[in-house]
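The values are calculated or read from the model by the stated rules, or taken from the named source; none is laboratory data. Predicted, not measured: the structure shown is a model, and the values here were computed from it. Cβ: placed from backbone, ideal geometry, glycine included. Neighbour counts: every protein chain shown.
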Ligand code: MF3
Ligand code: CO
């Protein structure tokens, strides 16, 4: 069953989302060559603590960290590591904030120093694909409108869209129905109704969309070793149009 959140519940999730966005702003200031994703993970954990919030991913299905940190060909769910980031890396930081029991989820890809033109174009296109999807997140549309808008845009730009990981409903749990794929026909999935809250989180690859998961059980990489980027927002469906609960200005 897809739950529809009340105005108060969406307001509570928006508070979590604003805190998450503010934290991404701080991460943006800290990402540079030489910094480790463990440093970023610790920063996020202490930032959330300072603001009376919890890193919901820590302990989720055995996941050990506050954040996922996915570098270059890592598609998602990379472990924060003590290897310093290098000039030219692309790193996606993904985390879920729990504030007073309500959640928000957002991932952002960051350039580490000067990134190649190829990497910059991938990042820009992935971010734009996210916003193409969000535009379709309106009452009366189907999940398929979101999925199809993202895939059509990405493919036209020469990228593939990851199929093994998708968006989801979210509320007081990280993963709720419905599934939110970022590919496929318009006709798929349920019709969107006021009060539904979804994550939209496309991962775009320079090569094929195929991924594999490392022996650690989490780290997902492109099978061809090509670059991958991801941007994710938590979005509420409202009569006046989509409300981005994790909106930010970076
Ligand atoms: N934030 C992730 C998402 O976008 C969820 C990661 S689950 C974890 O769906 F266990 F890896 F943290
Ligand atoms: Co996420």
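Taking interchain pairs and intrachain pairs at least six residues apart, which have beta carbon atoms under 8 angstrom, with the first residue in segment 1-23 and modelled with pLDDT of 95 or more and the second part of a helix (DSSP H, G or I)?
Pairs that qualify, where the first residue is modelled with pLDDT of 95 or more and the partner is part of a helix (DSSP H, G or I), are 5/13; 19/48; 23/44; 23/47; 23/48.
Among the residues of segment 130-146, is any surrounded by 19 or more Cβ atoms within 10 Å (Cβ to Cβ), under 22 Å from residue 214 (Cα atoms) and away from ligand 1 (no atom under 11 Å from the Cβ)?
Looking through segment 130-146, none of the residues is surrounded by 19 or more Cβ atoms within 10 Å (Cβ to Cβ), under 22 Å from residue 214 (Cα atoms) and away from ligand 1 (no atom under 11 Å from the Cβ).
For a quick check of your reading of the model, give me the residue pairs whose first member lies in segment 166-185 and is free of Cβ contacts under 8 Å to residues at least 12 places away in the same chain, whose second is in a loop (DSSP other than H, G, I, E, B) and buried (at least 17 other Cβ atoms within 10 Å of the Cβ), with beta-carbon atoms closer than 9 Å and at least 6 apart or on different chains.
Final answer for the pair search is none.
Within segment 118-128, how many residues are in contact (Cβ under 8 Å) with a residue 60 or more places away in the chain and in contact with a strand residue (DSSP E or B) (Cβ under 9 Å, 6 or more places away or on another chain)? Step through it out loud before you land on a result.
Going residue by residue through segment 118-128, those that are in contact (Cβ under 8 Å) with a residue 60 or more places away in the chain are 118-119, 122-123, 125-127.
Cutting the leftovers down to in contact with a strand residue (DSSP E or B) (Cβ under 9 Å, 6 or more places away or on another chain) gives us 119, 122-123, 125-127.
Matching residues across segment 118-128 total 6.
Find all pairs meeting these conditions: Cβ atoms under 9 angstrom apart; at least six residues apart or on different chains; first residue within segment 129-157 and at positive phi; second residue surrounded by fewer than 21 Cβ atoms within 10 Å (Cβ to Cβ).
Close Cβ pairs (under 9 Å, with a partner that is surrounded by fewer than 21 Cβ atoms within 10 Å (Cβ to Cβ)) amount to 140/191; 140/193.
Among the residues of segment 147-170, write down those that are assigned to a loop (DSSP other than H, G, I, E, B), away from ligand 1 (no atom under 14 Å from the Cβ) and surrounded by fewer than 18 Cβ atoms within 10 Å (Cβ to Cβ). Break it down stepwise before answering.
First, the residues of segment 147-170 that are assigned to a loop (DSSP other than H, G, I, E, B): 157-159, 162-166, 170.
Okay, now just the ones that are also away from ligand 1 (no atom under 14 Å from the Cβ), so 157-159, 163.
The answer is 157, 158, 163.
Residue 87 fails exactly one of the following numbered conditions: (1) within 18 Å of residue 122 (Cα to Cα); (2) away from ligand 1 (no atom under 16 Å from the Cβ); (3) buried (at least 19 other Cβ atoms within 10 Å of the Cβ). What is the number of that condition?
(3)
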